[in-house]
Ligand code: ADP
């Protein structure tokens, strides 16, 4: 059955016919033929959001027979389209004003007949057809792209965890310090408690020290958890300076173990960037650890990494990680960003390629240059403000 009230106001036109049914050779016939040829699923919705026509690509995509869909609400396939209507996209239920033009809806969750879910992108187009206002919904299956993104995120997570593995012993050491201090402070407090009279001022100071040490230990744990956390991409306005400070704090003990000084120089009025905190931390962590590695054979006195953050004229925020290591030969300048390129015996060769795809996804740029004197500088340029939009096609 179809919704005769809206899309089919004239009884002589039957919109429920299959697109390949015998039909008079008319403009409408050619229109229906054209819809079957297009390589995307297409649903024609009447003013109440009922499916008045579906092309074969659409009903195959959802695993239905055509007849099972005609006259049914589109919500059967795509949950949430009705909410878009409530949110004011539609002037009347499922009538998009012509003036509004096409309405793209990204990353919607749809459901096949067998109950499995798929990710789709839907573009709604207001259309005047046969005297009625209808909506043509182009449905694009994004399952593959979604799966690709999920795999990319899994890989990024795996390399983050493996990077943290490299830091494990220095972090354990860093964690041990406040724990040891807490233990000896508690022992001191126990001794003070046996005195008569009890020196309350001294006890108060000891308790304050314990609180501070506890805070230090939980900060180390917070930073570790922030990096190894696995979650969905969360793009928000970010203070890149805070991201960088966190990463520098995380590598602090590793830098000490390797005899490397790290300096930070951050512009005071740095604009926000839009990005995912964990992913940008991953990039900065990778650049810093690479810089440390590059200076392994440099005399300790020369082992220095400087991190600068500033805003530049073209509306970008520029982060630079500058080391005094062995630098890059001309052929390496580009090769190092390819997956699995590594010059380290234990290297995976994934850090820079993942970092570059993260920065690309943030509509930024990551590149390397040799310094005039010695070593290399890695630059990350990110658009300031709201310039980034998540683009899953990348
Ligand atoms: P990995 O660290 O596992 O080798 P990366 O993708 O992070 O993987 O780095 C790839 C290669 O790029 C490194 O093996 C190294 O040869 C080179 N490289 C990275 N950073 C630097 C640097 N700061 N100075 C010199 N070479 C570098």
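Structural remarks
- In the range 220-242, the residue that is nearest to residue 276 (Cα to Cα) out of those that are in contact with a strand residue (DSSP E or B) (Cβ under 9 Å, 6 or more places away or on another chain) and in a helix (DSSP H, G or I) is 240.
- Residue satisfying all of: in the range 327-341; in a loop (DSSP other than H, G, I, E, B), more than 22 Å from residue 304 (Cβ to Cβ) and under 25 Å from the mean Cα position of the chain (by Cα); nearest to the ligand (Cβ to nearest atom) among these: 341
- In the range 342-383, the residues that are near the ligand (Cβ under 9 Å from one of its atoms), over 23 Å from the mean Cα position of the chain (by Cα) and free of Cβ contacts under 8 Å to residues at least 12 places away in the same chain: 342, 343, 346, 347
- Restricting attention to the range 12-67, the residues being at pLDDT below 85 and in a helix (DSSP H, G or I) number 11.
- Sole residue being within 30 Å of residue 29 (Cα to Cα), in contact with a helix residue (DSSP H, G or I) (Cβ under 7 Å, 6 or more places away or on another chain) and surrounded by 15 or more Cβ atoms within 10 Å (Cβ to Cβ), chosen from 134, 120, 139: 139
- If you go through the range 272-324 and keep only what is away from the ligand (no atom under 16 Å from the Cβ), in contact with a helix residue (DSSP H, G or I) (Cβ under 9 Å, 6 or more places away or on another chain) and in a loop (DSSP other than H, G, I, E, B), you end up with just 272.
- When 244, 235 are checked against the criterion of being within 28 Å of residue 154 (Cβ to Cβ), at pLDDT 95 or above and under 21 Å from the mean Cα position of the chain (by Cα), 244 stands alone in meeting it.
The values are calculated or read from the model by the stated rules, or taken from the named source; none is laboratory data. Just so you know, these numbers come straight off a predicted model, no measurement behind them. When we count neighbours, we look across all protein chains shown, and the Cβ atoms used for this are built from the backbone with ideal geometry, even at glycine.
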